1. For the pair Thr134/Asn59, report the inter-label distance in nm, with labels modelled 7 Å from Cα in the Cβ direction.
2. Over the stretch 10-67, what lengths in whole Å, largest first, do the semi-axes of the equivalent ellipsoid take, defined as the square roots of 5 times the eigenvalues of the alpha-carbon gyration tensor?
3. Take peptides 118-125, 27-34, 132-139 and line them up by average Cβ neighbours within 10 Å, highest first, as a rough protection proxy.
4. Using the heavy atoms of the protein chains alone and a 1.4 angstrom probe, what is the accessible area of the chain per residue in square angstrom?
5. Can you compute log10 of I(q)/I(0) for the chain with the Debye formula, treating each Cα as one identical point scatterer, at q = 0.09, 0.13, 0.17, 0.19 Å⁻¹?
6. Taking springs between alpha-carbon atoms closer than 10 angstrom, which of Phe116, Phe17, Phe46 fluctuates most in the Gaussian network model of the chain?
7. What residues of the stretch 9-34 lie in the reach of a label at Asp123, counting those whose backbone N is under 20 Å from a point 7 Å from the Cα along Cα→Cβ?
8. Can you spot the lysines whose alpha carbon is less than 29 Å from Lys78's alpha carbon? Ignore those fewer than 8 places along the same chain.
Amino acid sequence: MGPEKEIVELWLNRKGFFTIKDINAGSRVIDLLAIKQDSPPKIAHFEVACYVSGSISANKSELLKKFESSSATKTIRKTIKEHTGSEREYEKFLVTNVPDLKLEGINVIGFDKVLFEFVNEIDRQYYSNSVTRTLQLVKFILLSNPSYAAKLMG
């Protein structure tokens, strides 16, 4: 799992979700299934698509296949039943940094929002998770120095 997926998973965990990652669905891998034991349980299928090299135009049909392929849908329904004891409906979410992306039936969340919320909640305790620890160092060492922060913004 790449760091962007791990950040999304950690963000979901902080929001009270149990997560199942990298679920094999035949020729596809489902990024995350998130379950929150509310009454009724909240269940969501998350896919993560982030790009660092600028605004790459996302192939909408490929992104939709992540959610709508029969193998993915069948595997998600089976996994939900295994973990909750019954068949339940679920929501679909794409976490991405592609601006203004709209996909029918899929909630799109900006990765920048997830990243900000996660980093904003990091405090000064020691974190053994390498991704969390790295973001903690960036937050409290690098970004706390105004001249470095300004150079990064420039």
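1. 2.6
2. 25, 15, 10
3. Ranked by mean Cβ neighbours within 10 Å, highest first: 27-34, 132-139, 118-125.
4. Result: 60 Å² of accessible area for each residue.
5. Results for the chain at q = 0.09, 0.13, 0.17, 0.19 Å⁻¹ read -0.34, -0.67, -1.05, -1.23.
6. Sorting by GNM fluctuation, first place goes to Phe116.
7. The answer is 10-17, whose backbone nitrogens lie closer than 20 Å to the label point.
8. Lys5, Lys15, Lys21, Lys36, Lys42, Lys60, Lys65, Lys66, Lys92, Lys102
The values are calculated or read from the model by the stated rules, or taken from the named source; none is laboratory data. For clarity, every value in this text was computed on a predicted model and none was experimentally measured. FYI the Cβ positions are ideal-geometry reconstructions off the backbone, even for glycines, and counts take in every protein chain you see. Just so you know, the surface numbers come from the protein's heavy atoms only, side chains and all, with ligands and any DNA or RNA stripped out. Shrake-Rupley method; radii C 1.70, N 1.55, O 1.52, S 1.80 Å.
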